[in-house]
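In what follows, a single structure is set out as structure tokens and then discussed.
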Amino acid sequence: MLRGSCWKPIAWALACCVAAALGTWYAAPRVWAQGPTVKIWDGVYSVAQAKRGEASYASHCVRCHGSDLLGGGRQGRELKGDAFWKTWQSNSLQSLFAKIQGSMPRDDPSTLPDAVYVDLIAFILDANAFPAGAAELKADRGLLDAIKIERQGTAGEVANFSLVEVVGCLTQRADTRWVLTNATTPAATDSEGPTERSATAVSQPGSGTFRLLGVARYEPEAHRGQMVRAKGLIDKTSDDARLDLTSLQTVAATCVN
């Protein structure tokens, strides 16, 4: 059996501009009576707020992220479309707020009012076809943390860079990289180490493929072709989804085909 545990954070960052903040939380003049059941598809920002965000974007962000929010070969990451979803799917608006606030504008981070940050978020949501509502989004930590960035019909997907577990077939590709094939859908876990109790082999294979990072310390050659349970930090920003391993253990001596 392969066993082991090691937390290995994934270094990641959005590059460049979009805005920062002064110290106090901003209370929008129109207040949402929002609780933890608020859904992003209910309309969590207003049209007027998105317009203000567009103006702020033109002032502080377009240089790096482009007028179309697609980067355009500049230093800034794409802020809409597939690249946006790969980075932010299942994360909260608070995570997006904190990222923007802490690192942008690139040449002078943390210098804009919180009100500007939520306006920029409204603009980004509008650019990604999230519907507007009657009330403005406000810079309230609890509210922003409760609102998840989710595609319609995909609630429950694990957040990018979260700790997950996956069961699949340990395989080495022709380019010598190790992957899990026929992998199950990633499930959130709060334990980075091996499962203590005997794991039950899944009766049906999944359809996912994950490139494994940090696999060498688990002696993969000795377990080629086995069904394994992998835990680690998931990275869905690349075309090939990756799992930065914190543990790997054998589930069955042969793979389910």
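The values are calculated or read from the model by the stated rules, or taken from the named source; none is laboratory data. Just so it is clear, the model here is predicted, and its values are computed rather than measured. Counting neighbours? That spans all protein chains shown, and the Cβs are built from the backbone with ideal geometry, glycine included.
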**Message:** Just checking: which of the helices (runs of 4 or more DSSP H) contained wholly in the range 61-180 hold 1 or more residues that are touching a Gly at 6+ places or on another chain (Cβ under 6 Å)?
**Reply:** 62-65, 114-127
**Request:** For E219, state whether it is surrounded by fewer than 16 Cβ atoms within 10 Å (Cβ to Cβ) and modelled with pLDDT of 90 or more.
**Result:** yes
**Complete:** Taking the range 181-216 and keeping residues modelled with pLDDT under 85, surrounded by fewer than 16 Cβ atoms within 10 Å (Cβ to Cβ) and not hydroxyl-bearing (S, T, Y) leaves A188, D190, E196, R197, A201, Q204
**Request:** Return yes or no: is L233 modelled with pLDDT under 95 and on the phi < 0 side of the Ramachandran plot?
**Result:** yes
**Fill in**
Flagged pairs (Cβ under 6 angstrom, 6 or more apart or on separate chains; first in the range 227-247, assigned to a loop (DSSP other than H, G, I, E, B); second buried (at least 23 other Cβ atoms within 10 Å of the Cβ)) are A241/F210
**Request:** For residues that are at pLDDT 90 or above and surrounded by 16 or more Cβ atoms within 10 Å (Cβ to Cβ), scanning just the range 65-76, find the one that is nearest to A132 (Cα to Cα).
**Result:** L69
